[in-house]
Structure formats: C-alpha cells, structure tokens
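One structure below.
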Amino acid sequence: MSVPYNFDEIIDRRDTGSVKWHYFDDTIPLWVADMDFKAAAPILNAVEQVVQHGILGYTKPTAALFDAIINWHGSRYNLQLDKENILFSPGVVPSLALMMHIFTETADAVLVNDPIYTPFMTKVKQNNRTLVMSALKEIDGKYQLDLDDIEAKIIEHNVKLYLLCNPHNPGGRVWTVGELEALLTLCKKHNVAIVSDEIHQDLTLSGHKFTPLLKLAEAENYAHNIVSLTSMTKTFNVAGIKGSMIFAKDETLIRKISQQQQLNDEYELNLFAYTVMQSAYEEGGEWLEQVLTYIEKNIEITLDFLAGHLPDIKVMRPEASYLIWLDCSAYGEDNQALYDKLREAKVELNSGIKYGREGHLKMRINVACPEALLREGLNRVYAAFRGGDKS
Ligand SMILES: Cc1ncc(COP(=O)(O)O)c(C=O)c1O
C-alpha cells in the first residue's frame, strides 16, 4: 500500500554537521544539491535493521545488491548490465578523478562544457591535465552542445577525454538521443573517450527522457572508450552515506579501471552504503515518485514567483533535478556582490561563476525543500534584489 510522505515537514538540520545548513543564524540555504526531506522509509528501515543486528564487520557487495542495480537500470532505462560491468566507488567525484588515470596522461587535454559542476574543472586541474572548455549555447532558453566548437577544440588541443554531465548540472538539460549520438560520432571520429556523469538520471522531470550513454555506445561499437558514473545518493537524498557506481561494458576497460582502483584500495563501500544502495533500488521507487511530484510543484512555485515578482531574472526551466539556473545580470554587475546581497537578505544560492565563465552573474537555486521554506527563501531573494517583502 502506498504511504504518502510528508515533504512539508521542516526538519532542523542545524548542528548536525550538515554542509548545507552551516549557519549560526536563520539563513535559508537554497544552495548545495541535497534535499531537506527525510529519506525513504524502506531505506531508513534497512539501516535500522543493520543497527539492530549489531554487527558492523567487513562487508562485500552481495548478489542481491548487484541484482537491485541491474534491475533498476534495466527496467527504467533499458540499460542491460551484468555484474561484470559494475564497480563501486566512494563517489562520482572521486571516480571523475580516477578517470584521468584511465584515459589520459599528465598534461593531456580534457574537455568539459561551460558552465559545469565545479569538480569537473577542479579534478582536471588538480590531476595536472589541461582543462579545455566548450561553452554551451543558449538557444530558446535551453543549453545546447556546440558541436562545431567541440570539434575545433578537440583538434586544436588534441583532446583525449570528454567529461559529459547528463543530466547537466547546472543547466538541467537531459541530453536527447540525437544529441548524444552526435557527440558519440564526433568523439569516435577523433578517438576521444567519454566519461558520462549520470548522477541526476533518476531526477528527470516529466516530459523528458534520460538515455544512458552506455546504451548507445555498444551500437556505435565504441564501448571500449565509454564509462558512466552514477549513484543512488542524489536520487534518494542520501549523499552523506557516500557511495557510487562505475559502469563500463568493455571487459578490458573495466579490468583497467578495477586495477587502477586497487592501487589505492578504493573499490569498496561501507556496510551502510551497500545497505542503502540495495534498499533504495529495491524499494525506493515509490518515495522517488512522490518526491518528484513535490519537486515539480516547487519548480512551478519558483518559476511563477520569479515571473511575477522578479521578471528581469531569466530562468532556465530544468529538465531534470531540483536545481534551477537563474540569470541575475539585471540585478548586478559583480558576482561576489550578487552573492553577498543574497546572504545579507539571509538566503544562500550558489554563485554561477563557480561553474565557469558562462556562469557570470548567474545563480543556482535548489528548490528541494519544504514549500514554506522555499516561499520564505524566495521572499528573501525578492528583498535582496528589489527591497521589501513579497509575502
Ligand atoms: C553532476 C554531479 N556529479 C557528482 C556530484 C557529487 O557526487 P559524489 O557525492 O558521489 O561525489 C554532484 C553533486 O551535486 C553532481 O551534481
């Protein structure tokens, strides 16, 4: 029987070590990508059962866990995986860093889009690779891949690896089959490997369809150069648990990744991560469906509020996730001043410039919180930019 979750419940997260709620005052955090909602009941029950059992010894992934992952991706995305295609990793960002050592050598060029989730840039640079950026084109309020620019940069810099973000953070695009195929064809032509970060896959919103890159890679006969990275952490709001997966379909490639992981002994998760992952994929579907309905409502509230009260903010309607990309250039000329203005009004958003040059005067807002908090946060955005209160 279906249990209605109460996403209106405001849970105090201060003094819990929460990254998002790091204030000593009543600032409303609409920034880092986690949700202010309690995790799904089956996940919490599974964790409780482990605690009740009382033994927290060395643990390995079970056949049931592999089945849960395989079934989730097979039934939702028609992605056929075998146990042999799956590796575990402490996080998608650690895997991005690992991939530098799979596909590139020191100083090799790695291409990412601009704007992009910040660690795409930092991991390239910290691993002494050359960061090459291709700006996304904004057409009719949506980001598009600029394939001509991508190809020109691949040739100019002899790019070895492309880090794709699908769905895209911060722009919220879910790349279509056509876009992914065009990208694959281009990368194949120039022998560029693609690592696809698909962590937001399950947060695809109605009217859009997520396609795992790996599904297309085999048809293109290019699986030996494709890896996808994903996790249950964004989907089920369990980021503090840490844990993710690496998928690859090519036997030699997966062996190479596994060997690279062994160098630092970073191929296993902890007992709670395995437990949460399995219960999420086995029993979390209902919570996910409900949370997506709530998120879609919050997105509409936000879009309506901004259209009604701050119409000079240009809003990019997301196709996935609860993150919305806002062009705030009408309200300032300096990135830090924009951010500070919001902080003074006691609301925190992510500064767009952290996502690359294309993020200049943009902000990213996270709307995955109880509606009352969201409305108060939006009022504060209004107060910061226009003065006064809109409640
Ligand atoms: C695109 C993307 N990749 C990766 C992550 C983080 O992944 P992890 O916590 O598994 O390192 C995030 C978190 O916001 C993200 O948006």
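In the set V159, V132, V174, V110, which member is open to solvent by less than 30 Å² (accessible area, probe 1.4 Å), within 16 Å of the ligand (Cβ to nearest atom), more than 19 Å from the chain's Cα centre (by Cα) and of a type outside the set (D, E, K, R)?
V110
Does L374 count as more than 21 Å from E138 (Cβ to Cβ), assigned to a helix (DSSP H, G or I), at pLDDT 95 or above and of a type outside the set (G, A, S)?
Against the criterion (more than 21 Å from E138 (Cβ to Cβ), assigned to a helix (DSSP H, G or I), at pLDDT 95 or above and of a type outside the set (G, A, S)), L374 qualifies.
Table: residues versus (1) farther than 21 Å from N379 by Cα; (2) outside the structural domain of L342 (by TED's automatic domain parsing).
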site: Y5; (1), (2): yes, yes
site: D8; (1), (2): no, yes
site: I11; (1), (2): no, yes
site: D15; (1), (2): yes, yes
site: V19; (1), (2): yes, yes
site: Y23; (1), (2): no, yes
site: A33; (1), (2): no, no
site: D36; (1), (2): no, no
site: A46; (1), (2): yes, yes
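For the subset of segment 177-189 comprising residues that are open to solvent by 50 Å² or more (accessible area, probe 1.4 Å) and more than 23 Å from the chain's Cα centre (by Cα), which member is farthest from R364 (Cα to Cα)?
K189
Looking at segment 24-35, which of the residues that are open to solvent by less than 10 Å² (accessible area, probe 1.4 Å) and in a loop (DSSP other than H, G, I, E, B) is nearest to the ligand (Cβ to nearest atom)?
M35
Find the residue count for segment 316-346, including only residues that are open to solvent by 20 Å² or more (accessible area, probe 1.4 Å) and within 13 Å of N366 (Cα to Cα).
1
Take the residues in segment 211-233 that are open to solvent by 10 Å² or more (accessible area, probe 1.4 Å) and in contact with a Ser or Thr (Cβ under 9 Å, 6 or more places away or on another chain); name whichever of them is nearest to S244 (Cα to Cα).
T233
Give, as residue ranges, the helices (runs of 4 or more DSSP H) completely inside segment 191-297 that count at least 2 residues that are more than 15 Å from the ligand (Cβ to nearest atom) and without any contact (Cβ under 8 Å) to a residue 12 or more places away in the chain.
Ranges flagged: 251-263.
With respect to T275, is the statement that it is β-branched (V, I, T), within 26 Å of L203 (Cβ to Cβ) and either open to solvent by less than 50 Å² (accessible area, probe 1.4 Å) or in the same structural domain as D82 (by TED's automatic domain parsing) (or both) true?
Yes.
The values are calculated or read from the model by the stated rules, or taken from the named source; none is laboratory data. Every value quoted in this text rests on a predicted model; they were computed, and no experiment measured them. Glycine also receives a Cβ, built like all others from the backbone with ideal geometry; neighbour counts cover every protein chain displayed. When the accessible area is computed, the model is the full protein with side chains, heavy atoms only, and any ligands, DNA or RNA have been set aside. Shrake-Rupley method; radii C 1.70, N 1.55, O 1.52, S 1.80 Å.
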